[in-house]
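So the structure is just underneath, and the comments pick up after that.
Every read-out reported here was derived from the displayed coordinates using simple, explicitly stated rules and does not represent laboratory data. Please read these numbers as outputs of a predicted model, since none were measured by experiment. Neighbour counts are summed over all protein chains in view; Cβ atoms, including those assigned to glycine, are modelled from backbone coordinates with ideal geometry.
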Amino acid sequence: MSPTELDTQAPPFAEPHVADQTADVALIVNGRALRLVIDPRVTLLDALREHLQLTGTKKGCDHGQCGACTVHVGGRRVLSCLTLAAAAQGQSITTIEGLAESDRLHPMQQAFIDCDGFQCGYCTAGQIMSAVALLQEPCGPDDDDVRESMSGNICRCGAYPGIVAAVQAVRGRRR
């Protein structure tokens, strides 16, 4: 049979089957126990933004390259665009909305303001979440050490000097 002839013996193309499955996911977000019934393929980023209306966490590249979606899961920074919501089940999740205590900003949030650590602000939530996590991680004392530890977060505006100054101010190592 030539390539242009139809093979009448071949089975017809099957339509892809999309499962009508949902997952019951229990999350602890900013200290609140929450339950979501979602598609098991929903990322933590989309669960936070679309299902819980916590829009401080930004969708930048949606490929884990820019860091705008950084949140804390179990006390560690993660890229929420690469994390399934179901994988965070039962763990404590902190978003930028959960850093401040009442009317008092987290010291890192205040330092970003004081040190001009942002321009357009799109990356700021992810930058702050990474910077707060950095306080609990091994990081050398120098500005270059901070830059290396923050290298997973991209700022298209170039506010890096202010970001490093903010981190160092909170660390008590401002030059």
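Measuring nothing but how far apart in sequence close Cα pairs (under 8 Å, 6+ apart) lie, relative to its length, the chain scores a relative contact order of 20 percent. Backbone geometry of region 153-166 corresponds, through the Karplus equation with coefficients 6.51, -1.76 and 1.60 at θ = phi - 60°, to 3J(HN,Hα) couplings of 10, 9, 10, 5, 7, x, 7, 4, x, x, 5, 4, 4, 5 Hz, x marking Gly and Pro.
Each Lys and Arg adds +1 at its Cβ and each Asp and Glu adds -1 at its Cβ; summed about the Cα centre, region 107-171 shows a dipole of about 240 debye.
Which value at 222 nm does the chain reach when only helices count, each DSSP H run of 4 or more adding -39,500 (n - 2.57), with the total divided by all residues and rounded to the nearest 500 deg cm²/dmol?
Numbers: 4 runs with 38 residues, N = 175.
Value at 222 nm, helices only: -6500 deg cm²/dmol.
Given axes a ≥ b ≥ c from the Cα gyration tensor, I'd like to know whether region 107-171 is rounded (a/c under 1.5), prolate (a/b larger than b/c) or oblate. Taking the square roots of the gyration eigenvalues as a ≥ b ≥ c, region 107-171 is prolate.
How big is the charge dipole of the chain about its Cα centre, in debye rounded to the nearest 20, if each Lys and Arg gets +1 on its Cβ and each Asp and Glu gets -1 on its Cβ? Display every interim value, and only then the final one.
On the way: 15 positive and 20 negative charges, 153 e Å.
Result for the chain is approximately 740 debye, rounded to the nearest 20.
Of the listed values (1) 1.18; (2) 1.21; (3) 1.05, identify the label whose number matches Rg/Rh (Cα atoms, Kirkwood Rh) calculated from this model. For Rg/Rh (Cα atoms, Kirkwood Rh), the calculated option is (1).
I need the calculated FRET efficiency for the pair ALA23 and GLN53, taking r as the beta carbon distance and R₀ as 22 Å, to the nearest 0.05.
Calculated transfer efficiency: 0.65.
Taking a ≥ b ≥ c as the square roots of the eigenvalues of the Cα gyration tensor of region 70-129, is the shape rounded (a/c under 1.5), prolate (a/b larger than b/c) or oblate? Spell out each step's value before the answer.
Details: a/c = 3.11, a/b = 1.68, b/c = 1.85.
Oblate shape, in that a/c is at least 1.5 and b/c is the bigger or equal ratio.
Projected label points at LEU34 and CYS157, each 7 Å from Cα along the beta carbon direction, are separated by 2.6 nanometres.
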